[in-house]
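Visitor: Before I ask anything, here is the structure I am working with.
The values are calculated or read from the model by the stated rules, or taken from the named source; none is laboratory data. Keep in mind it's a predicted model, so treat the numbers as computed, not measured. Cβ sites come from the backbone with ideal geometry, for glycine too, and all protein chains shown count toward neighbours.
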Amino acid sequence: MMKLNRVLFLFIVIIVEGYVVLSTELLAIRQTMPFVGSGTETVSIIIAAVLMPLAFGYYFGGRWHPKKFLGRRMTIRRKLIFNIIVSSVILMFGMSYVLLNAFFFTLTTLEFTNRLFLTALYAVLFIVMPVYLLGQTIPLVSNYFTSQKLSQITGRMLFFSTLGSFMGAVFSTIVLMATIGVNYTACVNFALLAFLVVLLSKKKLSEPVIVALAVAALAFYLNSGAQLAKFNIVENNQYNNIAVFKDKMGNRHISINNNADSMLGPGGRKHEYLEFIERIAIDPIRSGPEPRDILIIGSGGLTFGHEDAFNHYDFIDIDKSLRGISEEYILREKLKPNKEFHPVEARAYLNSTDKKYDIVLLDAFRGDLTIPENLVTREFFVQVKDHVKEHGLVIANFGISPNFRSAFSRNLDNTFRSVFPHVSRSVIKEKYLLWEEEPDFLANVIYIYRENKEEDATEIYTDDKNRSFYDKPQTKPNVKKQLKLFDPKVH
């Protein structure tokens, strides 16, 4: 009968291994997001790079037996220590933002830009081998339970391994990433792996222990706040890497997951597309008989309508840290009383309220790699439409091919128009290349829809049946009224 402390010791090893593997999977998905996006295809590659090596680790770990390695007898204990140290070294490269940034920057410089290829290469180099080695832990540890009934001990080991995986999935994301950040959550994993080496080593000052502690210390250094500060990163939570900086023109910027997100400069200068939207939608209603209700999905730096103290704004973004960062670094003041920030997922917010808006701005599309897939579906657009007042506006900013050279730009256009049938489409880009054939050439494309009860009209004019003379406006337009919209000085 094994002693209680020895059994506890072995189950601690199993729990920690389960925690580290699941936490590593989630960290890999989160750490690669600024470089390859967060689409289901990239996520599935990383999940596959964890599950398959884990299965092979179980299989080959069960077949392993003590043998000589580099002139020394490799016992089960030494094999476990060897696997953990090798895993720590490889994961240090795959879990540290500083090294990941250099890795992806080098590849893109060499013109490797396909994100599926980049994700697969990352997974092969930094995920597959560590997970394979850590996956051998359970079958290797099972050798110490030879006196136990097979079915009972197998059930216990799987229970504790799954318990560790549960903690890695929940505790590392909901608690650690949200409180100490992604970078230090990765450091916790390295500390746990070093702890396992110390736990497994008979001599607490042996070479393996020193190596494991050195790797953990180096990982802490690479993931420290000081290192992230070199990239202007002020927040690194479970949702975003948020960097803030100031350019030579004095404009203050927020960059979210390596995408230029928000800007506010001297005189209230903003990104061109945002100034365009404010000019056509906000300027005409800055004063009036009563305030309008405006919903912004994708708050960014909360710069939209910043100077407007009349209308009421609801900003929606899942990342609650954006408000504090925006107020401190971009706005440099607290949100005005007419503006509210709701840290909630967009569709969850729409499901939770019946409130209707005069303007709904969809601005959650940060670059081509971080387009939320749940916010480009017909069902989502229907949700949005249900929250628009009579004669209200829906304005969407998409970073897509302005010439419809990509399948995504064409299908998104089809999807949007299936819900909002009569829209105007404006390309906002200073150097818009009309003849550009490259699908990856992107611009801010603004879709504008105004709620219309008669939008179901399906009449088509033909040579045989042409009622256009009935449909055309029958009164002369008021030229002076139209000019006033563009020049307030016109009397």
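Visitor: Please tell me if N351 is assigned by TED's automatic domain parsing to the domain that holds H306 and more than 20 Å from I318 (Cα to Cα).
Guide: no
Visitor: Could you check I318 against (1) assigned to a helix (DSSP H, G or I); (2) in contact with a Pro (Cβ under 9 Å, 6 or more places away or on another chain) and say which number it fails?
Guide: Only one criterion is unmet by I318, namely (1).
Visitor: Can you tell me which condition I460 does not meet? The list is (1) aliphatic (A, V, I, L, M); (2) more than 32 Å from the chain's Cα centre (by Cα); (3) under 25 Å from H271 (Cα atoms), and all the others hold.
Guide: Against the list (1) aliphatic (A, V, I, L, M); (2) more than 32 Å from the chain's Cα centre (by Cα); (3) under 25 Å from H271 (Cα atoms), I460 comes up short only on (3).
Visitor: From (1) more than 21 Å from the chain's Cα centre (by Cα); (2) touching a residue at least 24 places away in the same chain (Cβ under 8 Å), pick out the condition that doesn't hold for L99.
Guide: Condition (1) is where L99 drops out.
Visitor: Among the numbered conditions (1) in contact with an Asp or Glu (Cβ under 6 Å, 6 or more places away or on another chain); (2) buried (at least 21 other Cβ atoms within 10 Å of the Cβ), tell me where L361 comes up short.
Guide: Failing condition for L361: (1).
Visitor: Return the residue satisfying two criteria in turn: it lies in region 1-50 and is within 30 Å of G399 (Cα to Cα) and of a type in the set (S, T, Y), and of such residues it is surrounded by the fewest Cβ atoms within 10 Å (Cβ to Cβ).
Guide: Selected residue: T40.
Visitor: When residues of region 407-451 are filtered for being touching a residue at least 60 places away in the same chain (Cβ under 8 Å) and polar (S, T, N, Q), how many remain?
Guide: 2
Visitor: Then there is this: I need the full set of residues from region 201-232 which are free of Cβ contacts under 8 Å to residues at least 60 places away in the same chain, surrounded by 14 or more Cβ atoms within 10 Å (Cβ to Cβ) and closer than 22 Å to L26 by Cβ, in order please.
Guide: Those that are free of Cβ contacts under 8 Å to residues at least 60 places away in the same chain, surrounded by 14 or more Cβ atoms within 10 Å (Cβ to Cβ) and closer than 22 Å to L26 by Cβ: F220, S224.
Visitor: Can you find, within region 250-295, the residue that is surrounded by the fewest Cβ atoms within 10 Å (Cβ to Cβ) among those that are closer than 14 Å to F310 by Cα and among the basic types (K, R)?
Guide: If we take residues in region 250-295 being closer than 14 Å to F310 by Cα and among the basic types (K, R), then R286 is surrounded by the fewest Cβ atoms within 10 Å (Cβ to Cβ).
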